[in-house]
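> Can you keep this structure in mind? I'll have questions shortly.
Please treat every number below as a calculation from the coordinates, not as lab data. Quick caveat, the model's predicted, so the values are computed rather than measured. Neighbour counts run over all protein chains shown; Cβ positions are idealised from the backbone, glycine included.
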Amino acid sequence: MGLVVQKYGGTSVATPERISRVAERVVQSRKEGNDVLVVVSAMGDTTDELIALARAVNPNPPARELDMLLTAGERISMALCAMAIEARGVQAVSFTGSQAGILTDAAHGAAKIREIRGDRVRQALAEGKVVIVAGFQGVDPQSKEVTTLGRGGSDATAVALAAAFGAEVCEIYTDVDGVYTADPRLVSDARKLDEISFEEMLELSASGAGVLMSRSVEVGRRYGIPIHVRSSFNDHPGTWVKESTMEQAIISGIAHDVSEAKLTIRGVPDRPGVAAALFEPMAAEGVNVDMIVQNVSTDGTTDISLTVPKASLETARRIAQEVASRVGARGVEVDAAIGKVSLVGAGMKSHPGVAARVFRTLADAGINIEMISTSTIRISCVVREEDVTAAVKALHAAFEPPLVEEEVGA
Ligand code: ADP
Ligand code: ASP
Ligand code: MG
C-alpha cells in the first residue's frame, strides 16, 4: 500500500463531531495499510470570521499580521484532528505549513509554493504516524515570515504535498459529492461528473467554480497527480480530475463568479503605448486583470473596460485615474454589480455554433451581455450581478451538460 493524501475542507471539520468522523475515515485508511497524510482547512467559517475580526480593528489590516491571524485557523483544526485520531489508538502528529517545510514566495495573502522540504513529515510517516498538515499556509525562507496561499488554498497544499511525496492520488473531501455541471447551490438539477480533464477543470476553477482552487489543478496537471473530489459525508465515488477522459464532452459545465468588478476608462486617446501605460502599473501592483475590452475608435478616442477582483478595485481605480489624467482620457467609471458566467467544454474547439447559442439563450432570457471573452474551450459573458443566477440556469437548461454528442450548431 502506498501513500494517501486526504484533504478535508472547512465544512468537513466544522464541529467536534465532524472532526471525529474525519478521524474515523483516516484511521480506516491507515488500518488498511496506507501511509496517510492529511491536510485540513480551518473549521467552518473560521477564516471569514478572522478576516471580519481583523477589519473590526483595522479596515486595512497589514498583510503580514493578517497572515499571522489567518494561519491560526488551520492550526486549530490540525491539532484537534490529531487528537481525534490519537483517541482512536492511532499515532498522529500535526505540523504547521512552516514545520512541514512548505516554502513559499513572499506574497502575503497570495503566496505561491516554491518548494516542499518535508523532512519532519517524511520522518513521522516513517515512524508509522498519521501526519496532519495545516492547509493554506507556508513560510518565506528569506524573511522567515508565515504566508497564506489565497482563499481555498488548502487544495493547493494537498496537491503539492501529493506531488512532493509521490502519492498516486490526492483525495479532496468536501461538502458535495464531486464536481457538478454547475454549482449545485444554484442549479438543483446539476449533474455530478464522473471525470473531467485538468484543462477543463482549470477553466472552471479559474471562472469561479470554488470546489477546487485553480492553483491546485495547475499543480495536479504539472505533476500528473489525479485529483479525486468527493464527499466527506458518504462513500459515493466522486469526480476524477485527470489528464485525459474517456469521452470528450462538448460542454462540461458552467461556472459563475461575482467576485470581480468592472472598470471603464472613457475617451482614451487612440495611440500606441496607452494600453501599456495603463496595464504596466496594474501588473506592478499585483492587480490581476481578467477581461479587457477596447472599443472601436471613433473620434480618435476609445473606451477601455476591464474586470479585476473586487479586492483590488480601489488599487485599480487609483491607477486608472492617474493614467487617465496623464494621457488625457475623459474619466474613470467603476461598477461592482457585475457577474460573469462561463461555459466550459473541450469539444467546443471543434463545434462551431456554441457561442451563437450562448448569446441566443441569454437574449431569450432577457439578459444583457456587457462583455465577452473566450478561450478555445471557454466562453465567458459579463452580465448584471442580479442576472447571474438566471443566466446560469438558462445556459444549463439549454446545453444540458455534460453535452457529449448532440450537434450544438443545429
Ligand atoms: P471546502 O470547504 O470543502 O473546500 P468549498 O466551499 O471551498 O468547500 O467548495 C465546495 C463548494 O463549491 C460546494 O458547496 C459548492 O457550492 C461550490 N461549487 C461551485 N461550483 C461547483 C461545481 N461545479 N461543482 C461542485 N461544487 C461547486
Ligand atoms: N481556510 C482557508 C479559506 O477559507 C483555506 C481553505 O479552506 O482552503 O480560504
Ligand atoms: Mg475549498
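> Find the residue count for segment 300-322, including only residues that are aliphatic (A, V, I, L, M) and in a helix (DSSP H, G or I).
Going through segment 300-322, the residues aliphatic (A, V, I, L, M) turn out to be 304, 306, 308, 311, 313, 316, 319-320.
From what's left, in a helix (DSSP H, G or I): 311, 313, 316, 319-320.
Final tally of qualifying residues: 5.
> Within segment 229-281, can you find the residues that are more than 30 Å from Ala23 (Cβ to Cβ), polar (S, T, N, Q) and either assigned to a strand (DSSP E or B) or more than 17 Å from the chain's Cα centre (by Cα) (or both)? Can you show your working first?
Going through segment 229-281, the residues more than 30 Å from Ala23 (Cβ to Cβ) turn out to be 243-281.
The next check asks that each one be polar (S, T, N, Q); those that pass are 244-245, 248, 252, 259, 264.
Matches in segment 229-281: Ser244, Thr245, Gln248, Ser252, Thr264.
> Okay, moving on. From the residues in segment 33-50 that are surrounded by fewer than 16 Cβ atoms within 10 Å (Cβ to Cβ) and more than 18 Å from the chain's Cα centre (by Cα), which one is farthest from Val121 (Cα to Cα)? So that I can check it myself, show each step before the final result.
In the first step, residues of segment 33-50 are kept if they are surrounded by fewer than 16 Cβ atoms within 10 Å (Cβ to Cβ); the result is 33, 45, 48-49.
Checking the rest, the ones that are also more than 18 Å from the chain's Cα centre (by Cα) come to 33, 49.
Working: Gly33: 18, Glu49: 30 Å.
Taking the candidates together, the pick is Glu49.
> For Val287, state whether it is under 24 Å from Ser380 (Cα atoms) and exposed (fewer than 15 other Cβ atoms within 10 Å of the Cβ).
On the way: under 24 Å from Ser380 (Cα atoms): yes; exposed (fewer than 15 other Cβ atoms within 10 Å of the Cβ): no.
No, not satisfied.
> Check every one of the strands (runs of 3 or more DSSP E) wholly within segment 109-170 and list those with 3 or more residues that are under 30 Å from Lys31 (Cβ atoms).
Working: elements: 113-116, 130-134, 137-139, 146-148.
Per the criteria, 130-134.
> Please pick out the residue among Gly73, Gly128, Gly152, Gly135 that is within 16 Å of ligand 3 (Cβ to nearest atom) and either more than 22 Å from Val217 (Cα to Cα) or surrounded by fewer than 19 Cβ atoms within 10 Å (Cβ to Cβ) (or both). Steps first, answer last, please.
Values: Gly128 fails: within 16 Å of ligand 3 (Cβ to nearest atom); Gly152 fails: either more than 22 Å from Val217 (Cα to Cα) or surrounded by fewer than 19 Cβ atoms within 10 Å (Cβ to Cβ) (or both); Gly135 fails: either more than 22 Å from Val217 (Cα to Cα) or surrounded by fewer than 19 Cβ atoms within 10 Å (Cβ to Cβ) (or both).
Just a single option satisfies the conditions, and that option is Gly73.
> Looking only at segment 323-346, filter to residues that are assigned to a loop (DSSP other than H, G, I, E, B) and either farther than 30 Å from Arg357 by Cβ or among the polar types (S, T, N, Q) (or both); which one of those is farthest from the chain's Cα centre (by Cα)?
My answer is Gly328.
> What tally of residues in segment 67-107 results from selecting those that are within 16 Å of ligand 1 (Cβ to nearest atom) and closer than 19 Å to Ser143 by Cβ?
1
> Next question, about the same structure. Can you run down the residue pairs with Cβ atoms below 8 Å, 6 or more apart or on separate chains, where the first is in segment 212-233 and closer than 16 Å to Ala110 by Cα and in contact (Cβ under 8 Å) with a residue 40 or more places away in the chain and the partner is charged (D, E, K, R) and away from ligand 2 (no atom under 14 Å from the Cβ)?
From residues that are closer than 16 Å to Ala110 by Cα and in contact (Cβ under 8 Å) with a residue 40 or more places away in the chain, the pairs are Arg215/Lys112.
> Right, Val5: at negative phi, in a helix (DSSP H, G or I) and either away from ligand 2 (no atom under 11 Å from the Cβ) or not small (Gly, Ala, Ser) (or both) or not? Walk me through how you get there before you give the answer.
On the way: at negative phi: yes; in a helix (DSSP H, G or I): no; either away from ligand 2 (no atom under 11 Å from the Cβ) or not small (Gly, Ala, Ser) (or both): yes.
No, not satisfied.
> Oh, and also: Taking into account only those residues within segment 348-390 that are touching a residue at least 60 places away in the same chain (Cβ under 8 Å) and assigned to a loop (DSSP other than H, G, I, E, B), which is farthest from Ala249 (Cα to Cα)?
The qualifying residue farthest from Ala249 (Cα to Cα) is Glu370.
> Glu200 versus (1) touching a residue at least 40 places away in the same chain (Cβ under 8 Å); (2) within 25 Å of Ala390 (Cα to Cα); (3) part of a loop (DSSP other than H, G, I, E, B): which is the lone unmet condition?
Of the numbered conditions (1) touching a residue at least 40 places away in the same chain (Cβ under 8 Å); (2) within 25 Å of Ala390 (Cα to Cα); (3) part of a loop (DSSP other than H, G, I, E, B), the odd one out for Glu200 is (3).
> Could I ask something else about it? From Gly220, Gly208, grab the single residue that is within 11 Å of ligand 1 (Cβ to nearest atom) and of a type outside the set (S, T, N, Q).
On the way: Gly220 fails: within 11 Å of ligand 1 (Cβ to nearest atom).
So the residue among Gly220, Gly208 that is within 11 Å of ligand 1 (Cβ to nearest atom) and of a type outside the set (S, T, N, Q) is Gly208.
> Could you list, ordered by first residue, the pairs with Cβ atoms under 7 Å in which the first is in segment 87-102 and closer than 12 Å to Gly135 by Cα and the second is part of a loop (DSSP other than H, G, I, E, B), at least 6 apart or interchain?
So the pair list comes out as Ala100/Gly118.
> When the residues of segment 205-232 are narrowed to those that are touching a helix residue (DSSP H, G or I) at 6+ places or on another chain (Cβ under 8 Å) and within 24 Å of Gln28 (Cα to Cα), which ends up surrounded by the most Cβ atoms within 10 Å (Cβ to Cβ)?
The qualifying residue surrounded by the most Cβ atoms within 10 Å (Cβ to Cβ) is Ile227.
Per-residue answers, yes or no, for (1) among the aromatic types (Phe, Trp, Tyr); (2) within 16 Å of ligand 3 (Cβ to nearest atom); (3) over 30 Å from Tyr180 (Cα atoms):
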residue	(1), (2), (3)
Asp257	no, yes, no
Pro269	no, no, yes
Glu285	no, no, yes
Asp290	no, no, no
Ile304	no, no, yes
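> Just the residues that are buried (at least 19 other Cβ atoms within 10 Å of the Cβ) and of a type outside the set (Gly, Ala, Ser), please, taken from segment 325-347.
Hits for segment 325-347 are Val332, Ile338, Lys340, Val341, Leu343, Val344.
> Please go through segment 348-363 and pick out each residue that is surrounded by 14 or more Cβ atoms within 10 Å (Cβ to Cβ) and charged (D, E, K, R).
Arg357
> Those residues that are closer than 12 Å to Asn234 by Cα and more than 16 Å from ligand 2 (Cβ to nearest atom), I need them from segment 9-28; list them, please.
Passing the criteria: Arg21, Arg25.
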